Amino acid sequence: NDEKLKFEKLKETWSKHEKDVENHIRLICKNNVISYVEQNDFPYAGKKPDNTIEILEQFIIFDAKSPANEDLNNSPKYIKLQTENLKKYAKHENVKNDLYLVIPSNTTHVIKEFIYNIGDYNVYVITKDSLEPIILSLKKIEEYEFADKLSPEERDNVCRIIGKFAHTTKRKIQ
């Protein structure tokens, strides 16, 4: 019975993280006039991403992930698996090929890789506190006059740099 209770508590913690991330992204979008895409409005069939925003007619996905058990040693394997699961979204043409997994801050010490390059798409493992700088940086690209003249590949390169910048900043803060 203790096991069941422990599992329920973990599920509750994970659910709280998921809701917390969603509320935070919604607030950032509201404060910065960015389109938050409701799950039902995500235009593709199948499982919907936790959180999607739309910038420059591209969907950017932020999936909240929390290791489902308290053995944090499983976290790197779990995260790797989740990065591969994002392929179902990345394959769509107007889904940005930089996707984000948002993990709880208290699990970062067990994560060894924060950037996964998986062929056609990249996955950045981030925490809730880096959401705002990342989203605002992505929004900033929209403001540049030349952004509409950049090809999607050139835009992706700029975004990749931002993703790496956000990661390095986080490292410096730690």
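The values are calculated or read from the model by the stated rules, or taken from the named source; none is laboratory data. Values in this document were obtained by computation on a predicted structure and should not be read as measured data. All Cβ positions, glycine included, derive from the backbone under ideal geometry; neighbour counts span all protein chains shown. Ligands, DNA and RNA are stripped out before the accessible areas are found, and what is left, the full protein with its side chains, is counted by its heavy atoms. Shrake-Rupley method; radii C 1.70, N 1.55, O 1.52, S 1.80 Å.
Here the chain exposes an accessible surface that is 52 percent carbon and sulfur, computed with a 1.4 Å probe and the other protein chains kept in place. Residues 102, 33 ordered from highest to lowest accessible area at a 1.4 Å probe: 33, 102.
Think of a 1.4 Å ball rolled over the protein heavy atoms: the chain then has 59 Å² of accessible area per residue.
Tell me the mean residue ellipticity at 222 nm calculated for the chain from its helices only (DSSP H runs of n ≥ 4, each -39500 (n - 2.57), averaged over every residue, nearest 500). Working shown, then result.
On the way: 5 runs with 80 residues, N = 174.
That comes out to -15000 deg cm²/dmol.
If only the Cβ of Lys and Arg carry +1 and only the Cβ of Asp and Glu carry -1, the dipole of the chain around its Cα centre is close to 500 debye.
At a threshold of 8 angstrom on Cα-Cα distance, excluding pairs fewer than six apart, so keeping six or more, what relative contact order does the range 23-111 reach in percent?
Details: 100 pairs, mean separation 22.2, N = 89.
Rounded, it is 25 percent for the range 23-111.
A Gaussian network model of the chain, with springs between Cα atoms under 10 Å, assigns the largest mean-square fluctuation among 123, 95, 21 to 95. Axis angle, to the nearest 10 degrees, between helix 2-31 and the longest C-alpha principal axis of the chain: 20 degrees.
For the chain, the longest principal axis of the Cα atoms and the long axis of helix 152-173 meet at an angle of about 50 degrees. Please determine, in degrees from 0 to 90 and to the nearest 10, the orientation of helix 131-143 with respect to the longest principal axis defined by the Cα atoms of the chain, where the helix direction is its Cα long axis. Its long axis makes an angle of about 10 degrees.
Would the range 14-102 count as rounded, prolate or oblate if I go by the C-alpha gyration tensor, calling it rounded below 1.5 in a/c and otherwise prolate when a/b exceeds b/c, oblate otherwise?
Working: a/c = 2.22, a/b = 1.37, b/c = 1.61.
Cα axes put the range 14-102 in the oblate bin.
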